[in-house]
Amino acid sequence: MTATADDYAWIHDTELQAACCLTVVTGRSADDVLTTLGIALDQAAPAGPGARVATSPHGPAPAPVGVLEVPGGVLVVEDDGYLCSLPEVLTRLSATGRAASVFWNVNDLMAFTYAAGGEDAGQVDLYDAEDPAYAEEVDLPVELRYLFESAGDEDADLHATGLALVEAYTGVPVSAEDLARLDVEALQDR
């Protein structure tokens, strides 16, 4: 079954802030993800069943990071952060599998970033999907093309489309229940 934006309409019912990065990493454990992000394991506090939160000391600005093992991978949530949307970070995270993230903020940025096998990451701006010249130049794997093109529709839900892209690339669905298990309030309190 192919992921669609309709599968992720629930994202607007969460407690996530106006700026957020949601990432899925395959082929790694939550501990591996934390250490790859430069976070000491003893700095990660419990935040719901099977979830931990920490403050990342790396990246453009220290930000809270939550990790949760989900079937098939690890979900990383940065509420008001974007470390995992950086191509060089996502490339490191993908060293033993695949990694994909969707990031949005209040400045009309909406990026989908993806990498596999530790190779250079690709990144597209979902807001620019409506620009035919940009859409034509985008080099995406064929399995992602239809979702990217749907982001160009006038009534497209870009948050939901971004999460569908993450699932389509990694093969790992993200659910509202996953986010509920990762106590977003604990993440925001970091």
- Over segment 71-147, what percent of the accessible surface lies on carbon and sulfur atoms, probe 1.4 Å? 50 percent
- Within the chain, what's the longest run with no GluC sites (Glu not before Pro) in a DSSP loop and at most 16 other beta-carbon atoms within 10 Å? Give the range, please. 16-118
- Select from Asp31, Asp155, Asp139 the residue whose mean-square fluctuation is largest in a Gaussian network model of the chain (Cα-Cα springs shorter than 10 Å). Asp155
- Query: Whole-Hz Karplus ³J(HN,Hα) for segment 104-113, in order, using 6.51 cos²θ - 1.76 cosθ + 1.60 and θ = phi - 60°, x for Gly and Pro?
  - Reply: 9, 8, 6, 9, 6, 9, 8, 10, 10, 10
- Query: Given H placed on each backbone N at 1.01 Å, which residues far from Arg52 in sequence or on other chains put an amide H within less than 5 Å of it?
  - Reply: Ala47, Val67
- Message: Per DSSP helix of 4 or more residues, -39500 (n - 2.57); summed, then divided by the residues of the chain. What does that give at 222 nm, rounded to the nearest 500?
- Response: -7500 deg cm²/dmol
- Message: Check which residues have an amide H placed less than 5 Å from Met110's amide H, if you skip close sequence neighbours.
- Response: Leu126, Tyr127
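Compute the relative contact order of segment 33-108 as a whole-number percentage, counting only Cα pairs closer than 8 Å that sit 6 or more residues apart in sequence.
20 percent
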- Query: Rg and Dmax of the chain, using alpha carbons, in Å: what are they?
  - Reply: 15.2, 48
- Item | Whole-Å distance, taken between Cα centres, linking segment 1-54 and segment 77-113 | 11 Å
- Under the Karplus curve 6.51 cos²θ - 1.76 cosθ + 1.60, θ = phi - 60°, whole-Hz ³J(HN,Hα) for segment 27-40, x wherever Gly or Pro sits: x, 9, 8, 4, 4, 4, 5, 4, 5, 5, 7, x, 9, 5
- Message: With a 10 Å cut-off between alpha carbons and a GNM built on the chain, which of Ala44, Ala129, Ala156 moves the most?
- Response: Ala156
- the chain: most fluctuating residue of Ala133, Ala180, Ala121 per GNM, C-alpha cutoff 10 Å: Ala133
- Item | Residue-normalised accessible area of segment 62-137, given per residue in Å² at a 1.4 Å probe | 42 Å²
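The values are calculated or read from the model by the stated rules, or taken from the named source; none is laboratory data. What you see is a predicted model, and the numbers here were worked out from it, not measured in a lab. Reconstructed Cβ throughout: ideal geometry from the backbone, glycine too, with neighbour counts over all protein chains shown. Accessible surface areas use protein heavy atoms only, side chains included; no ligands, DNA or RNA. Shrake-Rupley method; radii C 1.70, N 1.55, O 1.52, S 1.80 Å.
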